[in-house]
């Protein structure tokens, strides 16, 4: 009889421990999701573009020349704006120029001739006078090759002075932030 009572007590204790562990896991997941949201993983607009490395973009070793990556960023940025139904042509027709005022690049691994690259372009915050684009370039093995960032400034074509981002663009982007 003692053995049966002990076995029931052990089973009850194991059940209580499982409930405690599940409650703890639930709390940890909630904390993790709050931390991810605070890092702005959900507040952004992302676009993906594929580019095949051409022979003329490589050096003698078959690696993509380091100065080519900003051109890949430009393709990603241009396609993001086009996919968002706000191509550069439309911005120029509004009398706005968008020169790059800052560029940073971090190289992790070289892309090589004939690689099919994925250029992920990200807008992490709503633009004001400036708009910042972040980039991640991956190879077909999903290895992160390169990260970068460009900041562009909205300039009035006539006055050559900085101005705010077009209201139409801000209204479209607000849905993602």
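Rule-based calculations on the coordinates, nothing more; no lab input. Please read all numbers here as calculations on a predicted model, not as lab measurements.
Taking each residue as 0.36 nm, the span from residue 55 to residue 114 lengthens on full extension beyond its C-alpha to C-alpha distance by 20.5 nm. Our helix-only sum for the chain, with -39,500 (n - 2.57) per DSSP H run of n ≥ 4 divided by its residues, gives a mean residue ellipticity at 222 nm of -12500 deg cm²/dmol. Antiparallel beta bridges, as assigned by DSSP with both residues in the chain, represent about 100 percent of the total such bridges.
Remark: relative contact order (the chain) = 23 percent; criterion is Cα-Cα distance under 8 angstrom and separation of 6 or more residues. Over the C-alpha atoms of the chain, the Rg to Rh ratio, Rh being the Kirkwood estimate, stands at 1.27.
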